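To start, the structure itself, in structure tokens.
The values are calculated or read from the model by the stated rules, or taken from the named source; none is laboratory data. Note that this is a predicted model, so its numbers are computed, not measured. Every residue, glycine as well, gets a Cβ built from its backbone with ideal geometry; the counts of neighbours run over all protein chains shown. The protein model used for the area step is the full one, side chains on, heavy atoms only, and it has no ligands, DNA or RNA in it. Shrake-Rupley method; radii C 1.70, N 1.55, O 1.52, S 1.80 Å.
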Amino acid sequence: MTALFLAPVYLLFCLYLWRRLRRWLKLFPWGRWPGVQAVAAVLFVCLNLSILPASFLEPSALQRLLKGFNSFWLGVLLYTALVAAGTELFWALRGRYAKRHGRAPLSDRHRILAGALCLLLIAALSVGGSLNARNIQTTDYTLTVDKSAGARKELKIVLVADLHLGYSVGMAQMGQMVEKINRENPDLVVIAGDIFDNAYAALEDPAGLAAILGSIQSKYGVYACYGNHDVEEKLLAGFSFPTDGEKASDPRMDAFLEAANIHLLRDEGVLIDGSFYLLGRADYERPGRGIERRKTPAELTRGLDHSKPILVLDHEPRELQALADAGVDVDLCGHTHDGQLFPGNLLIGLFWENPCGYLQKDGMHNIVTSGVGVFGPNMRLGTRSELCRITVNFQG
């Protein structure tokens, strides 16, 4: 239903772009040639309608190539829309100024230059954003928890989230991520949801990916919770569209994590080394198979020894006050991508108490990572792909 609503909007926007592009081409002598116009029209249609064959093809190398391109092209179109809006505003203001002061309209030469600058800006934003999305960086945090963890005085954690394994994120990025994780020699590695990007069939090489993730080295192992994208849903240009039926992980996703030696926590916890608790929450939006209602923070921590440190893994940074009231010491999250794309990074704070980074809530430490992978457009602009290196000091 959503796709049917968006389709005419998309087509109208493409028609607007074609009219603008055709008008710009006609500023060149050769741009008026019928052959040039025809070639430009065919290329434009193929680029913007490549989403259709990708949606109907069976899983294959060609489908993977087209879907990966669609995710990138969607980002190109988003920045084309922003640049086009800025250009329209400029021409409107320039026309009003010229009329008021009796200035001559811009020459064809100036219009050619303006169009070329717009194309260069769109290309720079798109290529730069795509390269930035593949560069995983490390963010450091140091926390102090006023509890005893037995003989342990320090815990080194690596937090990652939002891998979004699928058409945009595959073995190359996971290899880079695992290499960086192992370089930290962590005590514990946690994955705060959205391991998959809605479609198990989108995995580049499930066995190869499981082997890469299975090579993560840490003293206490790798633990994960599921997020809102760890379910089977249709993908269109990188975006998921809800379908009828139960919103649950594909059983192959569960088997994949088991093969990768990743311990999935579904509204449950473990006592690690007899020193601290790690609790993994079911996702707020899609709690998953067999869980109709996820436990409240108070229910999740009930019966625990609250003299020991309590760490929580939750995909979305919600219910922070309730978690703090329930005695949680550290809450580790993802989901927001820090807005992923400018200007989203400027707006994300309107929706989340802690959109990204560190927040202290009545003695509880909350960390939200911007994530490793991408959702929708295969780009990052104004944000970064990251893993978080967290040192927890115990002073009990």
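Among the residues of the range 17-46, not one is open to solvent by 60 Å² or more (accessible area, probe 1.4 Å), under 17 Å from TRP73 (Cα atoms) and touching a helix residue (DSSP H, G or I) at 6+ places or on another chain (Cβ under 8 Å).
Among residues of the range 135-182 being surrounded by fewer than 13 Cβ atoms within 10 Å (Cβ to Cβ) and hydrophobic (A, V, I, L, M, F, W, C), the one that is nearest to THR391 (Cα to Cα) is ALA151.
Look at ASP329 and say whether it is under 20 Å from the mean Cα position of the chain (by Cα) and open to solvent by 10 Å² or more (accessible area, probe 1.4 Å).
Working: under 20 Å from the mean Cα position of the chain (by Cα): no; open to solvent by 10 Å² or more (accessible area, probe 1.4 Å): yes.
Spelling it out, it is not the case that ASP329 is under 20 Å from the mean Cα position of the chain (by Cα) and open to solvent by 10 Å² or more (accessible area, probe 1.4 Å).
Reported count of residues in the range 340-375, each being closer than 25 Å to MET174 by Cβ and surrounded by 22 or more Cβ atoms within 10 Å (Cβ to Cβ), is 12. Per the conditions (1) closer than 20 Å to ASN261 by Cα; (2) open to solvent by 40 Å² or more (accessible area, probe 1.4 Å), the sole criterion not satisfied by LEU209 is (2). The single condition from (1) crowded, with 17+ Cβ neighbours inside 10 Å; (2) in contact (Cβ under 8 Å) with a residue 60 or more places away in the chain; (3) touching a Ser or Thr at 6+ places or on another chain (Cβ under 8 Å) that LEU66 fails is (2).
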